[in-house]
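Presented below is the structure to which this report refers.
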Amino acid sequence: MSDKPVLTLRDLSIEFPTPKGVVQAVKNLDLTIQKGRRVGFIGESGSGKTTTALAVMQMLAEPGRVASGSIDLVGTDVLALTEEEMRKTRLSRIAYIPQGAMNSLNPVMRIEPQLWDGIIAHEGHMERAELKRRSDAALTSVGLPAHTGELFPHELSGGMKQRVCIALGIILNPDLIIADEPTSALDVVTQRQVMQTLNDIQAQIGSGLILIGHDMGLMAQSVDELAVLKDGELVEHGTVKQIIEAPKHPYTQDLISSVPLVGGDSFLNPERNAEAPKRDSSEPLLRFEKVRKDYGAVTALHPMSFALQGDTPQIISIVGQSGSGKSTMGSIMLGFNPPSQGRVLFEGQDVAAMNAAQSLEFRKNVQAVFQDPYACFNPFYRVNHALKFPFKQFGLAQSEAHTQQAMEEACDAVGLDPDLVLSRYPHQLSGGQRQRLIVARALMLSPKLLIADEPVSMVDASLRATILSNIYDLKDKYGISILYITHDLATAYHVSDYVMVLYKGHVVEAGPPKEVIGQPQHPYTQLLIDSIPWPDLDRAWGGGRSDWDPETLEAEAERASAVYRGDVVGFELARV
Amino acid sequence: MPNYSTDDNAAEAETPVSMTRAERRQARRIRRFDNPWMNPKLIWGVSLLMGIIALGLIGRVLWDPELVFTGSAPLKLPPLGFENLRGQPGVLDHPLGTDGGGRDMLALIIIGAPNTLFVGLLASLIGMSIGIFLGFSAGFLGGRIDDTIRVLADVMITIPPLLILVVFQSAFGDVTLTIMALLIAGFVWQSPTRLIRAQVLSMKQSGYVQMAQLSGASTGHIMFKEMLPNLVPYLFGSFIASVTTSIVTAVGLEVLGLGPQRIPTLGRTIYEAINAGALIQNLWWWWGIPTLLLATMFIGLLLINLGLDEVSNPRLRKLS
């Protein structure tokens, strides 16, 4: 065994010639990865993490090119290899587990032959029994039963597919594994399982590992060294301990402090409590009456009843992993998706049976912030169209100048410069700016209820706290009640007055956040909280307890009945 | 002054600091190229079609349109600089020669080429309008209406238009250009309908349409103000494709001797040439010139279509 570093990047620069001139994606990157070390690349989208990894694989997308520098893989100069030599190097010496790897399996092939393809391409044809032995070994090593190889990709869950991709990556014992956000599409529970598999297997074959990601918590739990990238430059590099405990660069400090923790300091500063807008009716603002939603034979939401009074502004959080029915609830509240059974009442009016005038009034009073800020603006119009149009439509505009003034005030309130932002086209703004504009839009219309469906899950980590405090201000300063739908327990802990945890369409635990998230009682809530990766070296998954067993918890969660942890004034959840 | 965040400049493009002369030249070329509507394919295609229209307009002023009538000129004269089988040279009075009925070829194409183009444009304009209307209705309203429109379009797409049109036209006898365009329009609405329906279905799920719904927008507003502008590149592309189809269909009918009997069109000229044995008599200019013009027209349409592809699909733009 040689002591040579697995990967040495010297003065690496990568550039993309574009119609607007040459863009430097990576600038003078110097990095060494030792054998058996796990190195995390962390940074925002566009910081050059993936580009660097692709350059190591010689798989840069056209027209990108390595402008200068060298890439050395255990003594081999990667940039000097011919196309055929590079082909042989890929997988056998460097394995790349791409982003969204679960979609990279061939849907019409069984798992086994997909694993065999890699072996045959590098080592030539061999006995079927030998192939089978090796693929079984690879599958077992990632914790999958050997018979998984005979299944088709669609028969596996997301986490299993991700593990198959890891098996595919390690089947030839590479010197270096590059995992590009391997868990970005998975929920926290599965994320933990997959990351532990990846770390175990890496330790077993003793290769180097590059883990690309944007989640400081996940990095803290998984890697030895951390490289922080910003705009193509390596701004900080060191052991995880150094970086987490004593970050030097302000950007790293931002990244660490932007991860909200359960308990600890709040990133919000509640200043004043605004009164809710005066209401003419004594009916609750929003009431669910035994609402149930079925998609075919699947029940997305089991009968649920609650009433949100709305006399004092409140934030109600609905928490759950994907498939828990939380987004279905959101679209039912907005009237986009009629319930299969039961009624949704807005100030005593059935949302499904409104006439045109009532419907316009309902729209004016119930607004939303959606998950994807990129899709929310019509690419044909300047962004102010999205703010101006509803303002006029709801009869709020008195004059052109009044509209303009309202837009500018709303932009100011969310921390955007109206002169810079309002007259641009959507593609000229970043995701964070767009999402803040959507919040500004909600502010301008001052609805009585805002439904925020995963408002920050597609925004870069450093901006999440800012946008959440913008949303919190809507309640705090403008008296808007908010239903906050999220998978992120830590933010729900801070912003909400009441939390409902949803699991397979049932409420499993509900109550004030300090109790539900602070001291969870239902096994499912406990599992969720213990699966969150914290950016804290002393706090491993499962809280560091040795007897922590996620499988048992999950099995218990199926059986345990719902836990109700006390009420808050103004919100009543019917107990089932 | 409020404290603005720092990511305002995140979307700004980076500008290179110093460049060599070659790079500057490339940057200039790129900048010109940056306006997708100014791509060479589109410019060439439009120029070719405009040339044919200009030929029709200017020709009417500079040349005598009366020469399209039978017997207005000597028979079977070759173009200028050629000799026909009887040894007659081409004359300046009829620079492109004359046909077997004593009609001047230049006058024939001056009148005929715009007629052919007119049929194509009118037919696909009507076809597209039907397509937009049905496509939007099917995609947006869904349910029973969608089923009906989709089945209708799918059934119509399998019927060969020429077969039906031949029957129709023989029944009608002589038709005007407009009626022929109307008949052809009945066969070019299916693919725009399917295309627009598919686009509308995917757009209906998009965030900005949901936002518009939240803003209390009416169905009409969502269809025509939010969705339609984003469909423009597709609509253009589909329009050009159906102009091509319409012209092919119209020429096909004319070459069979159907279609307008007394109005000169390129297809009818070819029909008469074939009928009079122009191929055996080596009167190549009689069928050759209209064929050449048709070819130019199709090449022009093809270039426009390719050019529009680049407009609607930025990935096709190359940094040449």
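Please treat every number below as a calculation from the coordinates, not as lab data. Please read these numbers as outputs of a predicted model, since none were measured by experiment. Backbone-built Cβ (ideal geometry, glycine too); neighbour counts: all protein chains shown.
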Original post:
When the Cα centres of region A:422-496 and region B:206-224 are compared, how far apart do they sit, in Å?
Top reply: 21
Original post:
Hey, got the average number of other protein chain Cβ atoms within 10 angstrom for residues in A:410-417?
Top reply: 3
Original post:
Taking only C-alpha pairs under 8 Å that are 6+ residues apart, what is the relative contact order of region B:44-119 in percent?
Top reply: 33
Original post:
Once you sort the root eigenvalues of the Cα gyration tensor of region A:317-380 as a ≥ b ≥ c, which label holds: rounded (a/c under 1.5), prolate (a/b larger than b/c) or oblate (the other case)?
Top reply: oblate
**OP:** Sum up the charges of everything whose Cβ sits under 13 Å from the Cβ of A:Q99, counting Lys and Arg as +1 and Asp and Glu as -1, but leave A:Q99 out.
**Re:** -1
Original post:
Any idea what the dipole of the protein assembly as shown comes to, in debye rounded to 20, about its Cα centre with Lys/Arg Cβ at +1 and Asp/Glu Cβ at -1?
Top reply: 1980
**OP:** Set Lys and Arg Cβ to +1 and Asp and Glu Cβ to -1, take the dipole of chain A about its Cα centre, and tell me which of A:L537, A:L286, A:Y472 lies farthest positive.
**Re:** A:L286
Subject >> Relative contact order (%) - criterion: Cα under 8 Å, at least six apart; region: chain A >> reply: 15
Subject >> Relative contact order, percent, chain B [alpha-carbon distance under 8 Å, six or more residues apart] >> reply: 24
Original post:
How do A:28-38, A:520-530 rank on mean C-beta neighbours within 10 Å, highest first?
Top reply: A:520-530, A:28-38
Original post:
Per the helix-only calculation at 222 nm, which mean residue ellipticity applies to chain A, given -39500 (n - 2.57) for every DSSP H run of n ≥ 4 and division by its residues, nearest 500 deg cm²/dmol?
Top reply: -10500 deg cm²/dmol
Original post:
Over the alpha carbons of region A:349-503, what is the largest minus smallest coordinate on each principal axis, giving the biggest first in Å?
Top reply: 45, 41, 28
**OP:** Classify region A:404-453 as rounded, prolate or oblate, taking a ≥ b ≥ c as the square roots of the eigenvalues of its Cα gyration tensor: rounded when a/c is under 1.5, otherwise prolate if a/b is larger than b/c and oblate if not.
**Re:** oblate
Original post:
In µm²/s, what is D for region B:50-138 at 4 °C and 1.567 mPa s, where D = kT/(6 pi eta Rh) by Stokes-Einstein and Rh is the Kirkwood radius from Cα pairs?
Top reply: 86
Subject >> Under 18 Å from A:K132, Cα to Cα: aspartates and glutamates that are on another chain or at least 8 residues apart >> reply: A:E112, A:D117, A:E123, A:E150
**OP:** Rounded to whole Å and sorted largest first, list the principal axis extents of the Cα atoms in chain B.
**Re:** 90, 63, 31
**OP:** Give the span of the protein assembly as shown's Cα atoms along each principal axis, as three whole-Å numbers ordered largest to smallest.
**Re:** 108, 78, 60
Original post:
Which of these, B:E310, B:E66, B:E254, has the largest mean-square fluctuation under a Gaussian network model of chain B (Cα springs below 10 Å)?
Top reply: B:E66
Subject >> For chain B, calculated [θ]222 nm from helices alone, where every DSSP H run of n ≥ 4 adds -39500 (n - 2.57) >> reply: -21500 deg cm²/dmol
Original post:
Among A:V22, B:V46, A:V507, A:V259, which comes first, second and so on when ranked by fewest other beta-carbon atoms within 10 Å?
Top reply: B:V46, A:V22, A:V259, A:V507
Subject >> Unsatisfied cross-links (Cα-Cα over 26 Å) in the set A:K290/A:K388; A:K293/A:K477; A:K248/A:K475; A:K49/A:K161; A:K49/A:K326 >> reply: A:K290/A:K388; A:K293/A:K477; A:K248/A:K475; A:K49/A:K326
**OP:** Please express the shape of region A:53-104 as an equivalent ellipsoid: the semi-axes are the square roots of 5 times the eigenvalues of the C-alpha gyration tensor, given largest first in whole angstrom.
**Re:** 19, 15, 10
Original post:
Given region A:7-257 reduced to its alpha-carbon atoms as identical point scatterers, what log10 I(q)/I(0) does the Debye formula return at q = 0.10 Å⁻¹?
Top reply: -0.49
**OP:** Mind telling me which of B:P114, B:P95, B:P290 comes out most flexible in a GNM of chain B, alpha-carbon contacts under 10 Å?
**Re:** B:P95
Subject >> Share of Cα-Cα pairs in region A:115-239 lying beyond 21 Å, as whole percent >> reply: 44
**OP:** Taking the Cα centre of region A:7-257 as origin, work out the dipole magnitude from +1 charges on Lys and Arg Cβ and -1 charges on Asp and Glu Cβ, in debye rounded to 20.
**Re:** 220
**OP:** Within the set of other residues whose C-beta is less than 14 Å from the C-beta of A:Y564, count the net charge using Lys and Arg as +1 and Asp and Glu as -1.
**Re:** -2
Original post:
Say we join alpha carbon atoms closer than 10 Å with springs in a Gaussian network model of chain B; which of B:L117, B:L231, B:L165 then has the biggest fluctuation?
Top reply: B:L231
Original post:
What is the average number of partner chain Cβ atoms found within 10 Å of a Cβ in B:215-222?
Top reply: 5
**OP:** Once you have a ≥ b ≥ c as the square roots of the Cα gyration tensor eigenvalues for region B:246-309, tell me rounded if a/c is under 1.5, and otherwise prolate or oblate according to whether a/b is larger than b/c.
**Re:** oblate
Subject >> Net charge of neighbours whose Cβ lies under 12 Å from the Cβ of A:L81, counting Lys and Arg as +1 and Asp and Glu as -1 >> reply: -1
**OP:** Could you sort A:229-242, B:181-194 so that the peptide with the highest average Cβ count within 10 Å comes first and the rest follow in order?
**Re:** B:181-194, A:229-242
**OP:** Choose one of A:V516, A:V223, A:I71: the residue whose Cα lies farthest towards the positive end of the charge dipole of the protein assembly as shown (beta-carbon charges +1 Lys, Arg; -1 Asp, Glu; about the Cα centre).
**Re:** A:I71
Subject >> Selection from A:Q114, B:I130, A:V23, by position along the positive dipole direction of the protein assembly as shown (Cβ) >> reply: B:I130
